[in-house]
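For reference, the structure discussed in these notes is given below.
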Amino acid sequence: MNTPIISAEDLQTLLQQGADVRVLDCTFHLDNTALGREQFEREHIAGALYANLDTDLSTHNAAQAVNGGRHPLPQREAFAATLGRWGITPDTQVVAYDQVGTLTAGRLWWMMRWCGHTSVQILDGGWPAWQAIQGATASGPAKPVEASAPYPLGAPLETLITHQEVMAQLGRDSQTLVDARGAPRYRGETEVLDPVAGHIPGALNRPYTENFDAQGHFKSPEVLRAEWSRLLGQRDSASVVAYCGSGVSAVPNLISLALAGLPAHGLYAGSWSEWSREGLPSATGA
């Protein structure tokens, strides 16, 4: 699969053809953790399952967590069991979307690639794009699916970066940190979620929202490439370590790099929520 995104029209065609496609709605709200499921049950893409950021795409069991912060990643083996419960095998094409921009869908995309799954895409434009083509919808809880064995893990297709690795490379040309949070949080002017305001020293700022056009679709590869070139200057994109508040909104930056044909180093999944709780160096201002 050559691109991390799929259009609503192409997804509709696959579903109408009866292809082996599993659609996952990842809608989640930080300020109301029950609202995402409520929105899903009100209406969703027909046949979709619901993936909860807090319980499916994160773990709060310290023994299973691979990083700290507000949304710790579960170990790959634990997530493999979740994929099995969703009936996902290596042959399943997975399409993730959400109803609040394209945010938490990226988390699922990254995690599946981290587990070695190649056939995973994000619905470009999300729920509004599906509504625009009058795609089939359903309401109520997700219909049960036939579970499979835990997903057989493969070599990771995405790189997980730890806070120890970030710290070891801090200030070196070999690492370019890119913060996906909004500019006021990056500059340390406000902080409503984490104990310290500011950013990791030396980090650049590219809010994840800058990857999308006014309709919520990813910008063209040419535009994304030009924007990344302006941000990085002489820095190599292969040195980019993406981070954000808790490892979720950083992923659209990685997707936009992929769409632009630019390699990246990896995702610091613990992000600012872990970094700020570890008492590590911080900076404020632009």
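The values are calculated or read from the model by the stated rules, or taken from the named source; none is laboratory data. What you see is a predicted model, and the numbers here were worked out from it, not measured in a lab. No Cβ is skipped: glycine too gets one built from the backbone with ideal geometry, and neighbour counts run over all protein chains shown. Heavy atoms of the whole protein, side chains included, go into the accessibility calculation; ligands, DNA and RNA do not. Shrake-Rupley method; radii C 1.70, N 1.55, O 1.52, S 1.80 Å.
Would you check if residue 203 is out of contact with any helix residue (DSSP H, G or I) (no Cβ under 7 Å at 6 or more places or on another chain), of a type in the set (A, V, I, L, M, F, W, C) and farther than 17 Å from residue 106 by Cβ?
Working: out of contact with any helix residue (DSSP H, G or I) (no Cβ under 7 Å at 6 or more places or on another chain): yes; of a type in the set (A, V, I, L, M, F, W, C): yes; farther than 17 Å from residue 106 by Cβ: yes.
Judged against the criteria, residue 203 is a match.
Residues of the range 197-228 being exposed (fewer than 14 other Cβ atoms within 10 Å of the Cβ) and outside any loop (DSSP other than H, G, I, E, B), which ones?
Answer for the range 197-228, where residues must be exposed (fewer than 14 other Cβ atoms within 10 Å of the Cβ) and outside any loop (DSSP other than H, G, I, E, B): 222, 226.
As an exercise: evaluate residue 70 against (1) open to solvent by 30 Å² or more (accessible area, probe 1.4 Å); (2) closer than 21 Å to residue 242 by Cα; (3) out of contact with any helix residue (DSSP H, G or I) (no Cβ under 6 Å at 6 or more places or on another chain) and give the number of the one condition it does not meet.
For residue 70, the exception is condition (3).
Condition check: open to solvent by 60 Å² or more (accessible area, probe 1.4 Å) and not hydroxyl-bearing (Ser, Thr, Tyr). Does residue 194 satisfy that?
Details: open to solvent by 60 Å² or more (accessible area, probe 1.4 Å): no; not hydroxyl-bearing (Ser, Thr, Tyr): yes.
When the stated conditions are applied, residue 194 does not pass them.
Output the residue which, of all residues in the range 248-278 that are small (Gly, Ala, Ser), assigned to a loop (DSSP other than H, G, I, E, B) and under 19 Å from residue 235 (Cβ atoms), is most open to solvent (accessible area, probe 1.4 Å).
Taking the range 248-278 first, the residues small (Gly, Ala, Ser) are 249-250, 256, 258, 260-261, 264, 266, 269-271, 273, 276.
Adding the requirement that they be assigned to a loop (DSSP other than H, G, I, E, B) leaves 249-250, 260-261, 264, 269-270, 276.
Cutting the leftovers down to under 19 Å from residue 235 (Cβ atoms) gives us 250, 260-261, 264.
Working: 250: 0, 260: 2, 261: 60, 264: 43 Å².
Here the answer is 261.
Just give me the residues in the range 236-253 being farther than 17 Å from residue 198 by Cα and under 12 Å from the mean Cα position of the chain (by Cα), in sequence order.
248, 251, 252, 253, listed by residue number.
How many residues are modelled with pLDDT under 95 and open to solvent by 30 Å² or more (accessible area, probe 1.4 Å) when one looks only at the range 100-140? Working first, answer last.
Quick first cut of the range 100-140, residues modelled with pLDDT under 95 only: 100-103.
Still in the list and also open to solvent by 30 Å² or more (accessible area, probe 1.4 Å): 100-101, 103.
Matching residues across the range 100-140 total 3.
Could you check, for the range 115-132, whether at least one of its residues is part of a loop (DSSP other than H, G, I, E, B), over 21 Å from the mean Cα position of the chain (by Cα) and in contact (Cβ under 8 Å) with a residue 60 or more places away in the chain? Reasoning before the result, please.
First, pick out the residues of the range 115-132 that are part of a loop (DSSP other than H, G, I, E, B): 115-119, 124-125.
Remaining after also requiring over 21 Å from the mean Cα position of the chain (by Cα): none.
No, the range 115-132 contains no residue that is part of a loop (DSSP other than H, G, I, E, B), over 21 Å from the mean Cα position of the chain (by Cα) and in contact (Cβ under 8 Å) with a residue 60 or more places away in the chain.
Residues that are acidic (Asp, Glu) and over 30 Å from residue 280 (Cα atoms): does the range 95-109 have at least one? Before the answer, list the steps.
Going residue by residue through the range 95-109, those that are acidic (Asp, Glu) are 98.
From what is left, the residues that are over 30 Å from residue 280 (Cα atoms) are 98.
Within the range 95-109 (the criterion being acidic (Asp, Glu) and over 30 Å from residue 280 (Cα atoms)), the answer is yes, since at least one residue qualifies.
Going by the conditions given, is residue 231 of a type outside the set (Phe, Trp, Tyr), in contact with a helix residue (DSSP H, G or I) (Cβ under 6 Å, 6 or more places away or on another chain) and in a helix (DSSP H, G or I)? Spell out the reasoning first.
Working: of a type outside the set (Phe, Trp, Tyr): yes; in contact with a helix residue (DSSP H, G or I) (Cβ under 6 Å, 6 or more places away or on another chain): no; in a helix (DSSP H, G or I): yes.
The answer is no for residue 231.
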